[in-house]
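Just so it is clear, none of the values below were taken in a lab; they were calculated from the coordinates. Computed from a prediction, not measured in an experiment: that's the story for all the values here. Positions of Cβ are backbone-derived with ideal geometry, glycine not excepted, and every protein chain shown enters the neighbour counts.
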Amino acid sequence: MITRMFFDHPSSVDESYGEHARFAFGFSMKLFAAAGAALVHAVIPCLFEKTASRIIADLYARTHNRGR
């Protein structure tokens, strides 16, 4: 049960638990930055016009077909 919970998914993308945790943390920080840029853009439309979409596109490119 513990192995399945903590190690099956990371190994499915060819990472150790630590590598996967580091990647997921960095991913979440980039999503947080994208959300912040989108929030600022909602209030002041001339700021961060393409920042959130650029970050999302970059994250998609890094994760698409990962582990296949």
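Annotations for the structure displayed:
- Only one entry in GLU15, GLU49 is of a type in the set (Asp, Glu), surrounded by fewer than 12 Cβ atoms within 10 Å (Cβ to Cβ), on the phi < 0 side of the Ramachandran plot and outside any helix (DSSP H, G or I), namely GLU49.
- Inspection of region 24-36 finds a residue satisfying the criterion of being in contact with a helix residue (DSSP H, G or I) (Cβ under 7 Å, 6 or more places away or on another chain), closer than 16 Å to THR63 by Cβ and of a type in the set (D, E, K, R).
- Matching residues, region 4-51, being of a type in the set (Ser, Thr, Tyr) and closer than 21 Å to ARG66 by Cβ: SER11, SER12, SER16, TYR17, SER28
- Qualifying residue in region 22-42 (condition: more than 12 Å from the chain's Cα centre (by Cα) and assigned to a loop (DSSP other than H, G, I, E, B)): no
- One residue from ALA42, ALA38, ALA21, ALA34 being exposed (fewer than 13 other Cβ atoms within 10 Å of the Cβ) and of a type in the set (A, V, I, L, M): ALA42
- Qualifying residues in region 52-68 (those that are in a helix (DSSP H, G or I), touching a helix residue (DSSP H, G or I) at 6+ places or on another chain (Cβ under 9 Å) and not charged (D, E, K, R)) - the one surrounded by the fewest Cβ atoms within 10 Å (Cβ to Cβ): THR63
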